[in-house]
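First comes the structure, then the notes that go with it.
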Amino acid sequence: MTQDHQTAAWQRINTAAHTGGITLTVACRACADDVEADFAGATLVVAGELRLLATATDERARRAEDAQLITGEGPCTDAYTRRAPVDAVDLHHAADRWPVYTPLAREQGARSVLALPLTIGALAIGAMDLYRVEPTPFSPAHQERASAYARILALLALEEHPHLLTSHSRPTQRGPQGYPPTVHMAAGVLAAKDGLTPEDALARLRAHAFSHNQPLLHTAEQVIDTHRLD
């Protein structure tokens, strides 16, 4: 990644911000536009576990990112755990890599995805996903530019979520262990109400979100508000 790419990325983000502030969402949208992605999102990680959907350019991106939270697999997870870019040119052929995530992402129109880790030095704090609706590979130039934006998103993420610097680190892992607190609270509500184990309550939440094609966080918030699954 050259300094020229970094400077150009900052300039595009500044232009996209207009009179407003520079945020993760502004930077993510600027990156998607610059590398000709149709939508994009970023997930942040606390203590080695997937925790927080940081930003999404639109509803498709939000649902595609949430699918990784529901399934515990996907390009974002792999990019974070490997500390390296993950590229899938055609998700129609990615079922072996991510058997549960892939059909959910395809339902949102995603065909190609490029995931990049959000890192600062040795510190990894999440990953960004860039999606295309056609099976078109991201060129080396696009990947290099996207890496410049990933560095900027990492800096903005630390500014918006400074606790990422102080969270106790544990070994990285795949799987659904890292749900946000809201999801665990909702699972606790179901467990107490229906006499379920926490694991069974969490599985029920995931199954409901999957079958109703809604974000897991939305399902969890619904349970907390109503104490039931509708």
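The values are calculated or read from the model by the stated rules, or taken from the named source; none is laboratory data. The structure displayed is predicted, hence computed values, not measured ones. Cβ: placed from backbone, ideal geometry, glycine included. Neighbour counts: every protein chain shown. We work out accessible area using only protein heavy atoms, side chains counted, and drop any ligands, DNA or RNA first. Shrake-Rupley method; radii C 1.70, N 1.55, O 1.52, S 1.80 Å.
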*For Cα extents along the principal axes in Å, several values are listed as (i) 59, 39, 36; (ii) 48, 43, 37; (iii) 101, 44, 30; flag the one computed from this structure.*
(i)
*Virtual paramagnetic centre 7 Å along Cα→Cβ of Glu134, amide N under 17 Å, in the range 102-120*: 109-114
*Could you check how much of the accessible area of the chain is carbon and sulfur, as a whole percent, using a 1.4 Å probe?*
53
*Could you state the angle between the C-alpha long axis of helix 198-211 and the longest principal axis of the C-alpha atoms of the chain, as a value from 0 to 90 degrees rounded to the nearest 10?*
60
*With a 1.4 Å probe and all protein chains in place, put His161, His92 in order of accessible area, largest first.*
His92, His161
*Residue separation times 0.36 nm, minus the C-alpha to C-alpha distance between His93 and Gln6: what's the value?*
28.0 nm
*Averaged per residue, what accessible surface does the chain expose to a 1.4 Å probe, in Å²?*
46
*When the dipole is taken about the Cα centre of the chain, and only Lys, Arg (+1) and Asp, Glu (-1) are charged at their Cβ, what size is it in debye, to the nearest 20?*
340
*Compare the Cα positions of Gly121, His161, His142 along the charge dipole of the range 101-163 (+1 at Cβ of Lys, Arg; -1 at Cβ of Asp, Glu; about the Cα centre) and return the one farthest towards the positive end.*
His142
*Note the full-extension length gain between Ala122 and Asp230 as 0.36 nm times their separation in residues minus their Cα-Cα distance, in nm to one decimal.*
34.5 nm
*How far is helix 24-34 tilted, in degrees, relative to the longest principal axis of the Cα atoms in the chain, given as a value from 0 to 90 rounded to the nearest 10?*
50
*asked:* Between helix 216-226 and the chain, what is the angle of the helix's C-alpha long axis to the longest principal axis, kept within 0 to 90° and rounded to the nearest 10?
replied: 40
*For the range 100-109, Karplus couplings with θ = phi - 60° (6.51, -1.76, 1.60), whole Hz, Gly/Pro x*: 8, 5, 4, x, 5, 5, 5, 4, 8, x
*For the charge dipole of the range 1-153, defined by +1 on Lys and Arg C-beta atoms and -1 on Asp and Glu C-beta atoms about the Cα centroid, which residue among Ala32, Gln108, Gln11 has the Cα displaced farthest towards the positive pole?*
Gln11
*Per DSSP H run of at least 4 residues, take -39500 (n - 2.57); add these up for the chain, divide by its residues and hand me the 222 nm value, nearest 500 deg cm²/dmol.*
-15500 deg cm²/dmol
*asked:* Can you sort Glu36, Glu160 by solvent-accessible area, 1.4 Å probe, largest first?
replied: Glu36, Glu160
*Residue separation times 0.36 nm, minus the C-alpha to C-alpha distance between Asp33 and Met185: what's the value?*
51.0 nm
